[in-house]
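Have a look at the structure below before the remarks.
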Amino acid sequence: MSQPTIESILNEKRLFEPPADFAADARIKSMAEYQALYDKAAADPAGFWAELAEQELHWFKKWDTVLDWQPPFAKWFSGGKLNISYNCLDRHLTTWRRNKAALIWEGEPGDSRTLTYAELHREVCQMANVLKDLGVKKGDRVGLYMPMIPEAAIAMLACARIGAPHTVVFGGFSADALRDRLNDAEAKLVITADGGFRKDKVIPLKAAVDQALENNAVPSVENVLVVERTKSGVPMVAGRDHWWHDLQPTASGNCPAEEMDAEDMLFILYTSGTTGKPKGVVHTTGGYNLYTHMTFQWTFDHKDTDVYWCTADVGWITGHSYIVYGPLSNGATSLMYEGVPRPSNPGCFWDVVEKYGVNIFYTAPTAIRAFMKMGEAEPKARDLSSLRILGTVGEPINPEAWVWYQQVIGGGNCPIVDTWWQTETGGFMLTPLPGATPTKPGSATKPFPGIIADVVDLDGNPVGDNEGGYLVIKHPWPSMMRTVYGNEERFRRTYWEHIPPKDGQYLYFAGDGARRDEDGYFWVMGRVDDVLSVSGHRLGTMEIESALVSHPAVAEAAVVGRKNEITGEEVFAFVTLESHHQPSDELKDELKQHVIKEIGIIARPADIRFADSLPKTRSGKIIRRFLRNLASGEDIVGDATTMEDQSVLDKLRQGA
Ligand code: WTA
């Protein structure tokens with residue numbers, strides 16, 4: 001018997017060709033070129049990656065084996081020796097890029113700093129020597145808990161340089177969350193700052209570290225390095241705490257990069273997931289370096305004159321792969337911005353674009369929807385004409401938000417790259433190539449060359465065109481996670497066992513629903529944990545939410561299932577409105593009618609609740625499981641500490 005899949009109801013037909021002049025100048029200029037790369041890679045993935053590894057990276061010693069696949073464990077380029085910090089820094093120093101800006105940094109209060117490749121290299125070497133002096137050796141884990149300042153990138157590269165895996169914990173996490181992660185990784189040293197600026201406030205990072213380490217709660221930690229950022233006068237524990245500025249500037253700038261095996265661990269990054277303790281996603285050196293390098297180069301069509309800006313925090317995988325490693329490995333200029341749009345400066349992103357002439361801009365749907373909500377005045381008041389590519393990541397993007405992004409921010413002539421990927425995948429899996437792929441709003445389009453993606457049912461059988469199912473990857477790729485740190489069993493269970501191997505082929509599944517249309521385009525429908533079951537129809541969240549967001553009054557929408565005796569579940573929608581729109585019963589009726597018109601009676605919300613804001617994770621993803629509890633009038637179940645703003649739930653409760 002066929003297993004239940006997910007029904008697809010969205011019918012988005014707009015198509016945008018890459019502008020002809022853009023395509024003419026692009027690295028990959030047509031679908032024919034894309035297809036040729038895709039076919040070549042599919043015919044011989046190992047050969048495809050080996051050729052690029054040889055051509056694009058520096059190796060101290062070539063590998064013995066390209067791919068060793070003992071499902072679900074992959075090894076890429078075993079026996080090969082390289083160092084990602086060498087590939088990000090040293091190799092550029094013998095070229096004209098030596099004096100090119102590697103990092104452009106803008107602080108929230110308006111201070112700024114630019115580091116050339118030569119300067120960044122020197123600072124990284126100095127930091128690497130400091131770490132060594134403090135007893136950090138190859139293989140030791142180092143915890144980072146930092147604001148968005150250049151020292152965060154310097155610290156990551158310094159760890160990589162001496163072969164000490166880093167584990168970056170986002171600065172918005174609590175002391176408890178930090179403690180758990182440092183303990184799981186058994187970090188030997190922690191790098192932090194006195195504080196960071198966020199939304200015009202000082203985030204007390206050092207105080208959180210002190211709290212996390214209180215009463216020897218993380219026995220592995222021997223030393224704490226502290227960057228002075230906010231000058232907030234923090235207490236220092238004698239013998240344990242050291243100021244960065246006391247040690248780093250006087251350390252030697254000579255520190256040859258450690259020769260790492262391609263399969264040596266580069267970093268651990270914790271993902272919260274929806275249940276249970278966070279998983280330490282392990283990435284290794286060679287495959288990760290290659291894959292982030294290639295995806296950055298092709299998806300962002302990188303040119304040496306570009307100023308590239310990814311608005312993510314270095315605490316997320318997006319910051320690792322596409323602020324630090326991918327861009328620097330390509331010799332790009334990567335912009336880091338400490339601030340976020342805030343009431344005192346809603347247009348700050350556009351100021352930064354204008355000030356530095358940003359060419360490639362990469363952000364998340366949650367930010368785009370917030371901009372839509374604020375209106376066009378802010379972006380319209382700035383010169384955004386330097387932009388040539390716009391990217392999005394983190395959640396399915398609603399087609400209306402996509403079109404707004406393209407029109408209002410991109411002025412109608414920037415290709416949009418909607419990149420689907422995960423902490424676990426290391427780099428882009430589904431993505432347009434901007435000079436080649438005609439784009440459809442809401443679709444992450446096609447697999448990157450070398451990625452074999454499919455949509456299957458729970459038995460692993462491919463579903464038909466336009467049928468919803470489970471998004472899987474069929475062949476190992478260089479930057480796939482290697483394991484859950486210290487827990488192989490959890491790695492197997494989480495990613496490889498929900499959908500059993502099919503005809504001996506292992507299928508990687510990390511929890512998203514999707515459909516593939518008649519043109520081979522993938523449409524990610526949201527997390528399968530969030531699927532609703534209405535009168536026997538299994539509906540993904542993305543499509544109903546997109547229908548709501550396509551109404552001019554709606555800024556954001558989240559839908560969940562509420563128990564209904566007749567239909568199993570009914571659709572319950574939480575909606576935030578664009579400025580200048582007021583909640584009313586008439587508007588509720590209008591929105592219900594709108595959903596019926598857009599996708600049909602099956603998706604009609606039984607109820608709609610207006611809200612000021614929706615509960616989100618600290619990386620900006622809507623948390624639907626709390627809304628499910630609220631819709632059913634239940635208590636919130638589960639850990640709310642991963643939330644960005646806890647007061648959002650209280651407000652939603654009061655609005656009931
Ligand atoms: C979601 C972020 C649709 C998806 C890089 C995935 C997306 C999870 C997209 C991973 C996209 C990310 N379209 N959904 N373009 N990008 N997602 O680990 O559910 O923070 O599984 O990595 O975000 O989130 P993570």
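Every listed requirement among (1) open to solvent by 30 Å² or more (accessible area, probe 1.4 Å); (2) within 16 Å of the ligand (Cβ to nearest atom); (3) under 22 Å from residue 5 (Cα atoms) is met by residue 459 save one, (2).
When the helices (runs of 4 or more DSSP H) confined to region 11-58 are screened for residues that are closer than 30 Å to residue 78 by Cα, those reaching at least 3 such residues are found at 31-43, 45-56. Residues considered: 597, 651. Of these, the only one that is modelled with pLDDT under 90, closer than 24 Å to residue 11 by Cβ and of a type in the set (Lys, Arg) is 597. Search region 613-640 for residues being open to solvent by 70 Å² or more (accessible area, probe 1.4 Å) and within 25 Å of residue 316 (Cβ to Cβ), and hand back the single one that is modelled with the highest pLDDT. So, considering only residues that are open to solvent by 70 Å² or more (accessible area, probe 1.4 Å) and within 25 Å of residue 316 (Cβ to Cβ), the one modelled with the highest pLDDT is 621.
Hey, any hits in region 431-439 for a residue that's of a type in the set (Val, Ile, Thr), near the ligand (Cβ under 9 Å from one of its atoms) and in a loop (DSSP other than H, G, I, E, B)?
As a first pass, look at region 431-439 and keep what is of a type in the set (Val, Ile, Thr): 431, 437, 439.
Pick out the ones that are also near the ligand (Cβ under 9 Å from one of its atoms) and you get 431.
With in a loop (DSSP other than H, G, I, E, B) added as a condition, the list becomes 431.
There is at least one residue in region 431-439 that is of a type in the set (Val, Ile, Thr), near the ligand (Cβ under 9 Å from one of its atoms) and in a loop (DSSP other than H, G, I, E, B).
Within region 276-291, can one find any residue that is without any contact (Cβ under 8 Å) to a residue 40 or more places away in the chain and touching a strand residue (DSSP E or B) at 6+ places or on another chain (Cβ under 7 Å)? No; the residues of region 276-291 include none that is without any contact (Cβ under 8 Å) to a residue 40 or more places away in the chain and touching a strand residue (DSSP E or B) at 6+ places or on another chain (Cβ under 7 Å).
Of the residues making up region 463-483, just one is assigned to a strand (DSSP E or B) and free of Cβ contacts under 8 Å to residues at least 40 places away in the same chain, namely 472. For region 589-620, residues that are among the small types (Gly, Ala, Ser) and in contact with a helix residue (DSSP H, G or I) (Cβ under 6 Å, 6 or more places away or on another chain) total 4. Considered as a group, the residues in region 221-245 that are of a type in the set (S, T, N, Q) and modelled with pLDDT of 95 or more include one that is farthest from residue 133 (Cα to Cα), and that residue is 230. Restricted to region 504-524, and to residues there that are within 12 Å of the ligand (Cβ to nearest atom) and not small (Gly, Ala, Ser), the residue that is nearest to residue 12 (Cα to Cα) is 523. Of the residues making up region 275-287, none is part of a helix (DSSP H, G or I), within 15 Å of the chain's Cα centre (by Cα) and not polar (S, T, N, Q). For region 488-503, the set of residues classified as open to solvent by 70 Å² or more (accessible area, probe 1.4 Å), away from the ligand (no atom under 15 Å from the Cβ) and assigned to a loop (DSSP other than H, G, I, E, B) consists of 497, 503, listed by residue number. Of all residues in region 117-159, exactly one satisfies the criterion of being within 24 Å of the chain's Cα centre (by Cα) and among the acidic types (Asp, Glu), namely 151.
Report, by residue number, each residue of region 599-609 that is open to solvent by 40 Å² or more (accessible area, probe 1.4 Å) and either under 13 Å from residue 554 (Cα atoms) or outside any helix (DSSP H, G or I) (or both). Reasoning before the result, please.
Residues of region 599-609 open to solvent by 40 Å² or more (accessible area, probe 1.4 Å): 601-602, 604, 607.
Scanning region 599-609 gives 604, 607.
Among residues of region 306-339 being assigned to a helix (DSSP H, G or I) and away from the ligand (no atom under 15 Å from the Cβ), the one that is farthest from residue 351 (Cα to Cα) is 329.
Listed here are the residues, each with its yes/no results for (1) open to solvent by less than 10 Å² (accessible area, probe 1.4 Å); (2) in a helix (DSSP H, G or I).
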{"site": "512", "(1), (2)": "no, no"}
{"site": "538", "(1), (2)": "no, no"}
{"site": "547", "(1), (2)": "yes, yes"}
{"site": "571", "(1), (2)": "yes, no"}
{"site": "575", "(1), (2)": "yes, no"}
{"site": "594", "(1), (2)": "no, yes"}
{"site": "597", "(1), (2)": "no, yes"}
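In region 396-415, of all residues being surrounded by 21 or more Cβ atoms within 10 Å (Cβ to Cβ) and outside any helix (DSSP H, G or I), the one that is farthest from the ligand (Cβ to nearest atom) corresponds to 414. Of all residues in region 307-323, those that are open to solvent by 10 Å² or more (accessible area, probe 1.4 Å) have Cβ atoms under 7 Å from Cβ atoms of residues that are more than 10 Å from the ligand (Cβ to nearest atom) and part of a loop (DSSP other than H, G, I, E, B), 6 or more apart or on another chain, in 307/357; 307/358; 307/359; 313/148; 313/170; 316/170. In region 141-154, is there at least one residue being open to solvent by less than 10 Å² (accessible area, probe 1.4 Å), farther than 20 Å from residue 194 by Cα and not aromatic (Phe, Trp, Tyr)? Within region 141-154, none of the residues are open to solvent by less than 10 Å² (accessible area, probe 1.4 Å), farther than 20 Å from residue 194 by Cα and not aromatic (Phe, Trp, Tyr).
From 198, 181, which residue is in contact (Cβ under 8 Å) with a residue 60 or more places away in the chain and buried (at least 21 other Cβ atoms within 10 Å of the Cβ)?
Details: 198 fails: buried (at least 21 other Cβ atoms within 10 Å of the Cβ).
Among 198, 181, only 181 is in contact (Cβ under 8 Å) with a residue 60 or more places away in the chain and buried (at least 21 other Cβ atoms within 10 Å of the Cβ).
Here 93, 67, 89 are screened, and the one residue that is open to solvent by less than 20 Å² (accessible area, probe 1.4 Å) and of a type outside the set (Val, Ile, Thr) is 89.
The values are calculated or read from the model by the stated rules, or taken from the named source; none is laboratory data. Note that the coordinates shown come from a computational prediction; the quantities given were computed from them, not determined experimentally. Cβ: placed from backbone, ideal geometry, glycine included. Neighbour counts: every protein chain shown. In case anyone asks, the SASA skips ligands and DNA or RNA and just uses the protein heavy atoms, side chains included. Shrake-Rupley method; radii C 1.70, N 1.55, O 1.52, S 1.80 Å.
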